[in-house]
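As structure tokens, the structure follows; a few thoughts come after it.
The values are calculated or read from the model by the stated rules, or taken from the named source; none is laboratory data. All of these numbers come straight from a predicted model, not from anything done at the bench. In this analysis, Cβ positions are derived from the backbone assuming ideal geometry, glycine residues included, and neighbour counts consider all displayed protein chains.
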Amino acid sequence: MVRGLLLDFYGTVVEDDDAVVAAIAARVAADATTPVTPEAVAAAWMREFATVAEGPPFRLLRDSAPESLGRVMAEVGCPGDPVALYAAHHATWGLPPLRPGTRKFLTGLRLPVCVLSDADRADLAAVVAHHGLAFTAVVTSEDVGAYKPDGAMFRRALAALGLAADEVLHVGDSLRTDVAGAHEAGIRAVWVNRHGMPAPAGAPVTHEITDLTGLTTLIH
């Protein structure tokens with residue numbers, strides 16, 4: 001029986017920043033002195049971000065993102081200020097739209113919900129307020145001092161709802177941070193497959209949906 005939900009936020013409740021990241025990567029690739037594709041820049045940025053943010057020591061997203069971007073820019077010989085480039089990213093992505101089906105699903109939901117996000121607390125709060133959303137609890141990496149898939153994130157969310165691991169579903173769009181992280185914490189994982197990609201062999205996906213409305217049959 002499902003008695004509560006843990007929800008990833010960006011890419012699950014609201015749209016993710018895929019298009020903005022792609023635009024920054026394209027600009028870096030175009031200005032680089034070393035031949036490189038935008039896709040390679042984006043992948044390198046995500047790898048560097050994980051290294052910088054997850055530490056030790058733990059770093060906030062707002063600090064880790066421009067620093068990791070700067071490392072990639074230096075590696076490929078791209079001039080410019082990574083802080084300014086990331087600021088433009090944040091200005092564009094600061095208030096992302098809701099994903100399809102989000103408001104319809106949340107409006108009819110009668111279960112307690114804890115948002116579990118790697119975003120910085122103030123940024124997440126601004127988006128929640130902008131869309132007029134309300135949740136039982138919100139847990140961010142800034143609160144815990146760790147990023148998903150760290151088990152401390154999932155334990156804090158369970159404690160916030162007062163529920164056990166086998167009483168909830170965790171819903172998110174990342175196979176590494178959401179699905180694998182939930183599985184390691186003993187929580188059933190629902191993968192939000194936004195792009196219709198096949199799940200890798202062995203991925204611990206309990207259920208697969210394209211948006212939150214797909215949860216309706218799973219929780220009743």
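Annotation note: Cβ proximity below 6 Å between a residue of the range 205-220 that is closer than 17 Å to residue 168 by Cβ and a residue that is of a type in the set (D, E, K, R) and crowded, with 18+ Cβ neighbours inside 10 Å (sequence gap 6+ or interchain) occurs for 206/188. In this structure, does residue 103 turn out to be over 25 Å from residue 42 (Cβ atoms) and of a type in the set (D, E, K, R)? Taking the combined requirement at face value, the residue satisfies it.
Taking the range 202-220 only, how many residues are touching a strand residue (DSSP E or B) at 6+ places or on another chain (Cβ under 9 Å) and either within 15 Å of residue 2 (Cα to Cα) or not acidic (Asp, Glu) (or both)? Before the answer, list the steps.
Just the residues of the range 202-220 that are touching a strand residue (DSSP E or B) at 6+ places or on another chain (Cβ under 9 Å), to begin with: 203-212, 214-215, 218-219.
This time we only want the ones that are either within 15 Å of residue 2 (Cα to Cα) or not acidic (Asp, Glu) (or both), so: 203-207, 209-210, 212, 214-215, 218-219.
Of the residues in the range 202-220, 12 are touching a strand residue (DSSP E or B) at 6+ places or on another chain (Cβ under 9 Å) and either within 15 Å of residue 2 (Cα to Cα) or not acidic (Asp, Glu) (or both).
Pairs linking a residue in the range 1-27 that is of a type outside the set (Asp, Glu) to a residue that is part of a loop (DSSP other than H, G, I, E, B) and surrounded by fewer than 18 Cβ atoms within 10 Å (Cβ to Cβ), with Cβ atoms under 6 Å and 6 or more positions apart or on different chains, are 2/219; 4/111; 4/112; 5/111. Scanning the range 179-192 for residues that are in contact with a helix residue (DSSP H, G or I) (Cβ under 9 Å, 6 or more places away or on another chain) and without any contact (Cβ under 8 Å) to a residue 60 or more places away in the chain, we see that the one that is surrounded by the fewest Cβ atoms within 10 Å (Cβ to Cβ) is 186.
Might you let me know whether the range 60-68 holds any residue that is of a type in the set (Ser, Thr, Tyr), part of a helix (DSSP H, G or I) and at pLDDT below 95? Yes, there is a match, as at least one residue in the range 60-68 is of a type in the set (Ser, Thr, Tyr), part of a helix (DSSP H, G or I) and at pLDDT below 95.
For (1) over 21 Å from residue 145 (Cβ atoms); (2) acidic (Asp, Glu), each residue gets a yes or a no:
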site	(1), (2)
35	yes, no
39	yes, yes
44	yes, no
48	no, yes
52	no, no
58	no, no
61	no, no
65	no, no
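Looking across the range 88-112, the residues that are assigned to a helix (DSSP H, G or I) and surrounded by 13 or more Cβ atoms within 10 Å (Cβ to Cβ) come down to 88, 89, 90, 92, 93, 102, 103, 104, 105, 106.
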